[in-house]
1. Can you tell me which of 36-43, 9-16 comes out highest on packing, and rank the rest after it, using the mean Cβ neighbours within 10 Å?
2. What list of ³J(HN,Hα) values in whole Hz, one per residue of region 39-44 in order, does the Karplus curve 6.51 cos²θ - 1.76 cosθ + 1.60 (θ = phi - 60°) give from phi, with Gly and Pro shown as x?
3. Take Val16 and Val36, extend 7 Å from each Cα along the Cα→Cβ direction, and tell me the distance between the two endpoints in nm.
Amino acid sequence: MKDESHRLVRHLIVAVLVKLALLAGLWWFFVRDLGVPVDPGTAAAHLVTPADGAPR
């Protein structure tokens, strides 16, 4: 019984590592170089609330 549980744990670890490697590879090829242009004024407007507390 102990050998079977160790084998199961080993197979699960291998499966998780393979999935992580695939996800990392997909990210590397498709997402790594993408960038989102951010306008500092627009970003600040989203973060700062008006002084009088009125909703925009």
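What follows draws every value from the coordinates through simple rules; no lab data is involved. From a predicted model like this one, the values you see are computed outputs, not experimental measurements. Neighbour counts are summed over all protein chains in view; Cβ atoms, including those assigned to glycine, are modelled from backbone coordinates with ideal geometry.
1. Numbers: 36-43: 7.0, 9-16: 10.0.
Highest-to-lowest ranking by the protection proxy: 9-16, 36-43.
2. Taking θ as phi minus 60°, the curve returns 8, x, x, 5, 5, 5 Hz for region 39-44.
3. Taking the two extended label points, one gets 2.9 nm.
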